[in-house]
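Below is one structure, written out as structure tokens, with a few remarks after it.
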Amino acid sequence: MTTYEMLIGGEWTKASPRKTFDVFDPATGKVIAKVPEASPADVDRAVKAARAAFDGGWRDATAQERGRILFRLAQKMRDELPRLAELETRNSGKPIVESEYDLTDVATCFEYYGGLATKLHGEVLPVPDNAVSLALREPLGVAGQIIPWNYPLLMAAWKLAPAICAGCSMVIKPAEQTPLSLLEFARFFEECGLPKGVVNVVTGFGPTGAALVAHGDVDKVAFTGSMEVGKIIMKSAAATLKKVSLELGGKSPNIFFADADFEAAVDGALFGVFINQGEVCSAGSRVLIQRPIYKKMLDAMVEKARTIKLGSGLDRETKMGPVVSKEQMARILKYQRIGKGEAKVAVGGGRATGKGLDKGYFVQPTIFYDVNNSARIAREEIFGPVMSVIPFDDEAEALKIANDTPYGLAAAVWSRDIFKCFRVVKRLQAGIVWVNHMQPTYVEAPWGGYKMSGVGRELGPWGAEEYMQIKQVHINLNESPIGWY
Ligand code: NDP
């Protein structure tokens with residue numbers, strides 16, 4: 001078992017006081033590592049280190065230098081991918097094939113922002129005077145970044161890469177359940193050229209994150225996690241009027257019209273909510289099916305869902321691993337019980353047991369049908385492999401149900417009629433809409449939610465913009481006095 005330290009100011013350090021906490025393998029329930037529990041004093045040390053790095057030269061690093069560092073991080077990620085993917089699976093439970101996809105995306109994310117670093121620029125504005133008016137883009141300063149447990153290293157990369165690209169320094173806190181892949185990857189920061197203190201990693205629980213958000217010298221907070229904690233963060237950040245970006249998950253509708261390609265529809269509905277054990281912010285957890293294909297599609301989904309192979313994520317045949325923690329398993333089992341009182345169970349509905357499963361946090365892929373959109377299983381984010389199937393008659397009803405949620409992260413629509421698809425796309429209140437697909441995510445494209453699914457956007461140039469501020473500069477070209485007095 002490894003005992004980890006945190007990275008503050010380029011030095012590996014214990015927490016003060018020297019507290020640690022256990023990190024588990026969710027497939028076995030065994031402790032696999034110990035990591036420091038950062039106190040508010042540690043968070044303060046990390047913020048000071050980030051500030052010192054920013055003021056001590058990082059703010060003046062050239063775009064080319066920042067870009068090269070990002071490319072080196074990308075290459076390092078590719079070199080270390082097999083080892084880190086295995087660790088990601090061991091710590092989060094997800095199937096190894098999914099970890100490999102995730103970490104390839106981590107490398108791509110660093111590469112994208114490596115290229116973008118030299119393309120960020122300001123503007124010259126045509127003002128009606130003998131003057132040059134400029135809008136300069138400058139880094140915001142010190143960023144606090146709080147990461148969830150569902151895509152540990154990928155969500156970290158979505159925040160680290162644009163912040164480095166923009167020229168910020170940062171303090172990043174992984175989720176208490178899944179800190180290991182980031183701590184391992186952080187060993188390479190210096191070798192890849194990151195000056196000491198530009199990226200600091202602190203580990204701990206909610207209060208560690210809260211200390212980061214409340215800190216007076218943090219200029220911006222980027223958070224991915226639950227809506228509840230998102231609200232707390234926004235409130236806390238208001239005291240110092242920090243910039244905030246929030247990515248808060250959803251209850252995304254996956255809409256199937258009767259004229260959709262049937263086989264693709266069945267696959268798309270299952271993939272949409274069962275990938276990564278359903279622990280996906282954009283999970284298509286509400287499956288809306290038009291009545292003419294409702295029964296046939298439900299039956300086909302159930303048949304396929306029964307074949308999903310559960311097991312250790314390290315087994316290449318596994319299609320669904322354990323959920324991340326005992327607490328998350330309890331949460332999902334609670335919703336499965338609630339669902340049984342609200343709708344009908346087509347498949348699953350409990351804990352998964354059997355050879356190799358009993359000690360881990362495995363839950364059955366579950367499909368509820370004839371769900372009313374007002375049911376709790378259709379309104380609340382479960383964050384597990386639980387699908388709620390809802391029938392509809394026509395386009396108008398599908399849209400009404402789809403948009404009847406406080407969330408607005410993602411949505412998908414399936415039909416062979418492109419005109420109908422686009423009518424629906426325009427009316428869906430969601431930040432991400434897929435047509436005849438579910439879940440593809442590209443670093444080039446914006447990621448973020450409408451309504452209560454979030455504030456701001458990650459990825460693409462939008463992601464870097466979140467770490468920058470704009471300075472207006474006026475250069476007077478008249479050599480004579482203003483002449484007012
Ligand atoms: P949280 O929102 O509680 O945690 C996300 C991150 O925020 C973690 O790093 C957590 O630290 C940190 N955190 C917790 N409380 C605070 C606080 N007061 N101030 C600052 N940071 C804080 O998610 P959970 O892990 O508890 O999961 C609960 C539910 O959240 C899930 O079931 C799911 O619905 C949703 N969720 C959504 C995600 C998404 O991608 N949209 C991702 C993860 C969860 P720590 O882990 O140490 O508590």
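In region 121-146, the qualifying residues are those that are under 19 Å from G460 (Cα atoms) and touching a helix residue (DSSP H, G or I) at 6+ places or on another chain (Cβ under 6 Å), and the one that is farthest from the ligand (Cβ to nearest atom) is P139. Just one of the listed residues (I293, I255) is surrounded by 17 or more Cβ atoms within 10 Å (Cβ to Cβ) and free of Cβ contacts under 8 Å to residues at least 40 places away in the same chain, namely I293.
The set of residues in region 369-398 being small (G, A, S) and within 16 Å of the ligand (Cβ to nearest atom) consists of A378, G384, S388. Can you find a residue in region 191-199 that is modelled with pLDDT of 95 or more, within 30 Å of L7 (Cα to Cα) and near the ligand (Cβ under 10 Å from one of its atoms)? There is no residue in region 191-199 that is modelled with pLDDT of 95 or more, within 30 Å of L7 (Cα to Cα) and near the ligand (Cβ under 10 Å from one of its atoms).
Taken together, I332, I308, I338 contain a single residue that is surrounded by fewer than 22 Cβ atoms within 10 Å (Cβ to Cβ), closer than 25 Å to L288 by Cβ and within 16 Å of the ligand (Cβ to nearest atom), which is I338.
Just to be sure, is G225 in contact (Cβ under 8 Å) with a residue 60 or more places away in the chain and closer than 24 Å to Q469 by Cα? No. Can you confirm whether region 164-182 contains a residue that is within 28 Å of C281 (Cβ to Cβ), touching an Asp or Glu at 6+ places or on another chain (Cβ under 6 Å), away from the ligand (no atom under 16 Å from the Cβ) and not β-branched (V, I, T)? Within region 164-182, not a single residue is within 28 Å of C281 (Cβ to Cβ), touching an Asp or Glu at 6+ places or on another chain (Cβ under 6 Å), away from the ligand (no atom under 16 Å from the Cβ) and not β-branched (V, I, T). Being touching a Gly at 6+ places or on another chain (Cβ under 8 Å) and either surrounded by fewer than 21 Cβ atoms within 10 Å (Cβ to Cβ) or farther than 24 Å from V198 by Cα (or both) holds for only one residue in A41, A52, and it is A52.
Looking at region 349-423, the strands (runs of 3 or more DSSP E) lying wholly inside it that each contain 1 or more residues that are closer than 17 Å to A305 by Cα and in contact with a Pro (Cβ under 7 Å, 6 or more places away or on another chain) sit at 366-369.
Candidates in region 217-271 are the residues that are within 24 Å of A411 (Cα to Cα) and basic (K, R); of these, the one that is farthest from the chain's Cα centre (by Cα) is K231. The helices (runs of 4 or more DSSP H) located wholly in region 187-282 that include 1 or more residues which are in contact with a Leu (Cβ under 8 Å, 6 or more places away or on another chain) occupy 227-238. Restricting A214, A239 to residues that are within 9 Å of the ligand (Cβ to nearest atom), among the hydrophobic types (A, V, I, L, M, F, W, C) and modelled with pLDDT of 95 or more narrows the list to A214. In region 398-411, the residues that are closer than 23 Å to P292 by Cα form Cβ pairs under 8 Å with partners that are at pLDDT 95 or above and within 13 Å of the ligand (Cβ to nearest atom), at six or more places apart or across chains, as follows: A411/S252; A411/I432. In region 195-216, the residues that are closer than 19 Å to A237 by Cβ reach residues that are of a type in the set (A, V, I, L, M) and near the ligand (Cβ under 7 Å from one of its atoms) with C-beta atoms within less than 6 angstrom, at least six apart or across chains, in these pairs: G209/I146; V213/I233. In summary, strands (runs of 3 or more DSSP E) completely within region 89-182 and bearing 3 or more residues that are under 27 Å from K48 (Cβ atoms) occur at 131-139, 142-146, 169-173. Quick one: is L154 within 13 Å of the ligand (Cβ to nearest atom) and free of Cβ contacts under 8 Å to residues at least 60 places away in the same chain? Here the answer is yes, as L154 does meet what is asked. In region 396-423, of all residues being hydrophobic (A, V, I, L, M, F, W, C) and surrounded by 23 or more Cβ atoms within 10 Å (Cβ to Cβ), the one that is farthest from F110 (Cα to Cα) corresponds to A398.
The values are calculated or read from the model by the stated rules, or taken from the named source; none is laboratory data. As the structure is a prediction and not an experimental result, all values here were calculated from the model. All Cβ positions, glycine included, derive from the backbone under ideal geometry; neighbour counts span all protein chains shown.
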